[in-house]
1. Can you tell me which residue in region 90-135 is surrounded by the fewest Cβ atoms within 10 Å (Cβ to Cβ), limited to those that are part of a loop (DSSP other than H, G, I, E, B) and touching a residue at least 60 places away in the same chain (Cβ under 8 Å)?
2. For V51, work out the one condition from (1) out of contact with any Lys or Arg (no Cβ under 8 Å at 6 or more places or on another chain); (2) in a helix (DSSP H, G or I); (3) touching a residue at least 40 places away in the same chain (Cβ under 8 Å); (4) not charged (D, E, K, R) it doesn't fulfil.
3. What do you reckon, is G172 at pLDDT below 95, more than 17 Å from L66 (Cα to Cα) and either touching a strand residue (DSSP E or B) at 6+ places or on another chain (Cβ under 8 Å) or buried (at least 24 other Cβ atoms within 10 Å of the Cβ) (or both)?
4. Looking at region 201-218 only, could you name the residues that are at pLDDT 85 or above and farther than 12 Å from V167 by Cα?
5. Might you check whether a residue that is assigned to a helix (DSSP H, G or I), farther than 14 Å from G217 by Cα and at pLDDT below 95 occurs anywhere in region 136-155?
6. Given the conditions (1) on the phi > 0 side of the Ramachandran plot; (2) touching a Leu at 6+ places or on another chain (Cβ under 7 Å), which single one is not true for G209?
7. Considering only residues that are closer than 20 Å to I100 by Cα and either under 8 Å from the mean Cα position of the chain (by Cα) or of a type outside the set (V, I, T) (or both), which ones fall in region 120-142?
8. Within the bounds of region 227-249, is there any residue that is in a helix (DSSP H, G or I), modelled with pLDDT of 85 or more and within 30 Å of L148 (Cβ to Cβ)?
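The values are calculated or read from the model by the stated rules, or taken from the named source; none is laboratory data. A quick note: this is a predicted structure, and the numbers were derived from the prediction, not measured. Ideal geometry is used to build each Cβ from the backbone, glycine not excepted, and the neighbour counts take in all protein chains shown.
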Amino acid sequence: MTEPAKTGRKNQRGSRWPLGADSTRESTKAAPVKTRPRDPWQLGSGDAETVLAEARRALFVMVGFLAILWVIQIANWADHYHLTAEYGIIPHDVGRLPDIFTAPFLHFSWEHIEGNSGPLFIFGFLAAYRGVRKFLLVTLFVAITSGLAGWIFESPNSLGAGASGLVFGYFGYIIVRGFFDRHLIDVMLGLVMALCFAYQFSVLLPQQGIGWQTHIGGVVGGVAAGWLFRDRGPGGLPRGQKPTGPNPGGSRADLHQELRDLGL
């Protein structure tokens with residue numbers, strides 16, 4: 001008697017599967033999922049979580065910053081504003097050039113610090129909520145540009161002090177940051193702030209008793225900081241710009257990984 005033909009072969013557990021199942025199982029492997037690159041002008045969920053954490057830090061930083069200003073103001077007032085006279089900006093005096101870093105912490109009166117505190121907190125928080133580390137760099141850069149503008153262009157018989165240079169620097173930074181970082185939310189935020197605080201631009205015009213040179217230096221510094229400290233992608237490219245050329249990552253391992261992702 002002939003033995004009936006076998007229609008399959010046993011696996012290790014004694015069960016059977018049809019002949020050719022190996023090729024079938026091999027061909028049914030899930031193909032690698034290709035993820036669509038995120039639009040650089042959108043705010044993803046991961047970004048939102050990071051921004052929320054940075055916003056908390058920005059709030060604490062600005063509250064601490066204002067607390068320091070007011071503590072210094074109390075000591076300055078008690079000393080009859082000797083600190084302002086000693087560490088304010090005296091234009092064209094080389095020996096007083098380092099005072100561009102101390103002048104933003106000093107004021108001439110209670111009205112002076114009250115007028116600066118509100119805008120400083122609002123603009124400072126909005127400038128810092130995307131990253132406190134970047135905010136500190138922006139602050140240093142704006143302090144230099146606004147202080148130098150006052151030291152170079154104001155009258156040599158004047159004395160400059162106050163945080164208004166930082167206020168205008170943050171203002172300029174907020175207006176342009178969204179365009180340089182390709183964040184739609186920041187673009188809309190900058191436009192809203194520019195419309196709501198348009199009256200601030202009147203202080204940039206020459207006026208007696210107002211350090212408008214320092215204000216202009218702050219705005220210029222804020223705009224320049226928006227460009228210098230803009231978000232950059234891998235390889236130092238601006239955020240959203242795709243690298244060009246073969247193997248832009250410069251690594252053979254990266255090229256092999258891309259081929260594997262494509263199923264090659």
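1. The selected residue is D93.
2. Tallying (1) out of contact with any Lys or Arg (no Cβ under 8 Å at 6 or more places or on another chain); (2) in a helix (DSSP H, G or I); (3) touching a residue at least 40 places away in the same chain (Cβ under 8 Å); (4) not charged (D, E, K, R), V51 fails exactly one: (1).
3. yes
4. Initial filter on region 201-218 (at pLDDT 85 or above): 212-218.
W212, Q213, listed by residue number.
5. no
6. All conditions pass for G209, except number (2).
7. To start, the set of residues in region 120-142 that are closer than 20 Å to I100 by Cα comprises 120, 124, 135-142.
Hits for region 120-142 are L120, G124, F135, L136, L137, L140, F141.
8. Quick first cut of region 227-249, residues in a helix (DSSP H, G or I) only: 227-228, 234-236.
Next, from what is left, pick out any that are modelled with pLDDT of 85 or more: 227-228.
Right, trim to within 30 Å of L148 (Cβ to Cβ) and you get 227-228.
Within region 227-249, one or more residues are in a helix (DSSP H, G or I), modelled with pLDDT of 85 or more and within 30 Å of L148 (Cβ to Cβ).
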